[in-house]
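The values are calculated or read from the model by the stated rules, or taken from the named source; none is laboratory data. Values in this document were obtained by computation on a predicted structure and should not be read as measured data. All Cβ positions, even for glycine, are placed from backbone atoms using ideal geometry, and neighbour counts span all protein chains on display.
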Amino acid sequence: MQLDITGHHVDLSKGLKEKVEKSVKKLEEHFNHISYIHVTLNVDNKTHKAEAKVNLDHHTTPIFAESSNADMYKSIDDMVNKLNKQIIKHKEKLQQRGHNESLG
């Protein structure tokens, strides 16, 4: 899985990068066919926004999630939770269609 982290109007500290990397790795526990994730962290006035676009293997439409909060770490957690729900839903659809081979 390739991970890109971009910051707009925010300093991408080592702690923020580690938080994103650690949180995103949890997604692979549910579905191991993730090829690319692009996370954008943005600060606008007092709102901290985290966005992510996830590309899955053999799937043309990416999964997208975003979250805004007063705390960047909370935004990241909320965004990852939203992605996790979408990925689990996608995995369940694949299993119902008979694509059971090592979905992880």
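The selection criterion, being in a loop (DSSP other than H, G, I, E, B), at negative phi and of a type in the set (S, T, N, Q), does not hold for Thr40. Taking the residues in the stretch 51-61 that are under 11 Å from the mean Cα position of the chain (by Cα) and farther than 18 Å from Gly7 by Cβ as candidates, determine which candidate is surrounded by the most Cβ atoms within 10 Å (Cβ to Cβ). Filtering the stretch 51-61 for residues that are under 11 Å from the mean Cα position of the chain (by Cα) and farther than 18 Å from Gly7 by Cβ, the one surrounded by the most Cβ atoms within 10 Å (Cβ to Cβ) comes out as Val54.
Within the stretch 64-85, the residues that satisfy the criterion of being free of Cβ contacts under 8 Å to residues at least 24 places away in the same chain, farther than 20 Å from His9 by Cα and not basic (Lys, Arg) are Phe64, Asn81.
The residue that is modelled with the highest pLDDT, among those in the stretch 1-26 that are outside any loop (DSSP other than H, G, I, E, B) and either closer than 19 Å to Lys89 by Cα or hydroxyl-bearing (Ser, Thr, Tyr) (or both), is Thr6. In the stretch 89-100, the residues that are under 19 Å from Ile63 (Cα atoms) and surrounded by 10 or more Cβ atoms within 10 Å (Cβ to Cβ) reach residues that are at pLDDT below 80 and of a type in the set (A, V, I, L, M) with C-beta atoms within less than 8 angstrom, at least six apart or across chains, in these pairs: Lys91/Leu103; Leu94/Leu103; Gln95/Leu103. Here Glu29 meets each of (1) more than 19 Å from Asn84 (Cβ to Cβ); (2) outside any loop (DSSP other than H, G, I, E, B); (3) modelled with pLDDT under 95 with one exception, condition (1). Here Lys46 fulfils each of the conditions (1) modelled with pLDDT under 95; (2) within 20 Å of Ile88 (Cβ to Cβ); (3) out of contact with any Ser or Thr (no Cβ under 9 Å at 6 or more places or on another chain) apart from (2). Restricted to the stretch 1-50, and to residues there that are small (Gly, Ala, Ser) and out of contact with any Asp or Glu (no Cβ under 9 Å at 6 or more places or on another chain), the residue that is surrounded by the most Cβ atoms within 10 Å (Cβ to Cβ) is Gly7. Is one or more of the residues making up the stretch 75-83 part of a helix (DSSP H, G or I) and of a type in the set (Val, Ile, Thr)? Checked the stretch 75-83: at least one residue is part of a helix (DSSP H, G or I) and of a type in the set (Val, Ile, Thr).
Across the stretch 54-63, the number of residues qualifying as farther than 16 Å from Glu28 by Cβ and either part of a strand (DSSP E or B) or in contact (Cβ under 8 Å) with a residue 60 or more places away in the chain (or both) comes to 0. The set of residues from the stretch 1-42 being within 19 Å of Ala70 (Cα to Cα) and basic (Lys, Arg) comprises Lys17, Lys19.
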